[in-house]
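Read through the structure below, which is laid out as structure tokens, and then see the notes.
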Amino acid sequence: MSRNLLLCLILVIVLPVGALAHNVSKRDATFVQSNSGSAIAPFLYLGAKHMVTGYDHLLFLVGVIFFLYRLRDVVQYVSLFTIGHSLTLLGGVLGGIHANSYLVDAIIGFSVVYKAFDNMDGFKRFLGFQPSTRLAVLIFGLFHGFGLATKLQEFTLAKNGLVTNIVSFNIGVEIGQVLALTGVLIALSYWRTRPGFLQHAFLTNTALMVGGFMLVGYQLTGYFVA
Amino acid sequence: MGEESYVVTVQPPSRKRIATATVVALVIAGILLVTAVLPAEYGIDPLGTGKALHLTDLASAGAARVPEKAAPSPSESTEPPATIVPVLEPASDGSAPVVKGTFIAQKRGYKVDSREIKLKAGEGTEIKYNMKKGAGMVYSWTASDKLLFEFHGEPNVKPVGKSSTDYYETYELDNQSGKNEGHGTFVAPSSGIHGWFWENKTPNEVTLKVVSAGFYDWIFLNRDNKETAVRTMDPDVIPAHPKVPDEALR
């Protein structure tokens, strides 16, 4: 069981280094820019790739489903997150809303910290009540969508076939999310059957919090420096 | 077994334990940020750990990509960039633009460059010139067969909100049929590296020749994903009059 803990810590610390392909990479960027007309499959792929390699979204999702034991709850929470980020992804790109990506990414990092603190029962202990978790997931979902929108907007998208391409990108994001979630759920459900899970849950959420704080610091520095 | 441990942790952690965990998380995140992430991502290295672990190399590889040996001398780098005189103004009737200014003066730094590169089938290469905003260059490239290319620039200062490593601006792009030559006059719209990416999509080897003259101080090369910065040729290598005999045209 201490091996599980170690694995989890390593994952949280190494993941940000291993998954630096978070931004749509240069080769993909050239494709996006030179693309004119609808290209469903490529944008599906880009969306899925962005989600699977986007460690900030993944850390948040791990936090969200950490204590969800029933599949119905998982589906419900993930749907709220999906509604949130789809709204702002579609609205952001179509409405041409340019949010500062450093600030949006800092808020996304903060969402990880928030959820980890929530998982530690921090709000109940310090505020005396539990703020609605569903509402929090929906609201942070909106910010995650802005993050996705600003990433896509870094490239001049062709007007031709724009809607089809953004919707494809969005569906790709959901496919990537299902893929990533499946992996996380399998790992979590296995871990839950082990006696160490609850004992180390607190520590794991502390590690999650470290990841969140690092994202906040990284993005805020970027905002002030770059 | 699982039921048992569930009962154990039904008592929520104490306030003190949560507060300690939060502070510990903040401290660990702070240490990792200051010692590793900031040096590697932005070249900010308050404790010198980035330099010791060679992490700052990552930051410089992303930003300026200039090894120390090719770095411009201090006297050059302190010079203010040239002011761009509005050179051309579009004519109202759509004909040739109206000339408003005819030159952009530069204090010094005229260089020339000439290269011949053999690109194997499927191979790509990049040549970019480090120029200050407003510096000019005359260029001419020819290839033995059609090459896909992108004429682009990477400004040193990225627009707010843009990724620091991958940002570039496209001036001319042909990724469909390709061309076997390109000639022109270029005035850098920003301080940074400006030049071409070529890719050989033909099944045969293609020879690419690039000649340019202008106000750049070093050249960025990218071959097989190996990035290097090299010195320019000195204009003095060109044989001057009267070494080249005059040829009367009429």
Interchain or long-range residues, amide H under 5 Å from residue B:129's placed H: B:194, B:195, B:220
FRET efficiency, residue A:75 to residue A:124 (Cβ-Cβ, R0 35 Å, nearest 0.05): 0.90
Subset of A:49/A:124; B:118/B:179; B:107/B:226; B:111/B:209; B:51/B:132 violating a 25 Å alpha-carbon distance limit: A:49/A:124; B:107/B:226; B:51/B:132
Given A:151/B:133; B:146/B:201; B:120/B:146, the pairs whose alpha carbons are separated by over 20 Å: A:151/B:133
Tail weight of P(r) past 20 Å, computed on alpha-carbon pairs of the range A:84-226, percent: 59 percent
R0 of 51 Å, Cβ-Cβ distance residue B:233-residue B:14: FRET efficiency to nearest 0.05: 0.10
Label point distance in nm, residue A:182-residue A:139, each placed 7 Å from Cα along Cα→Cβ: 3.4 nm
Three principal axis lengths of the range B:10-51 [C-alpha, angstrom, descending]: 46, 15, 10
Segment residue B:144-residue B:223, length gained on full extension (0.36 nm per residue, minus Cα span): 26.6 nm
Carbon + sulfur, % of accessible area of the range A:58-107 - ligands and nucleic acids excluded, 1.4 Å: 71 percent
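The values are calculated or read from the model by the stated rules, or taken from the named source; none is laboratory data. Keep in mind that this is a model prediction, so the values were computed, not measured. Counting neighbours? That spans all protein chains shown, and the Cβs are built from the backbone with ideal geometry, glycine included. Surface accessibility is based on the protein's heavy atoms, side chains included, excluding ligands, DNA and RNA. Shrake-Rupley method; radii C 1.70, N 1.55, O 1.52, S 1.80 Å.
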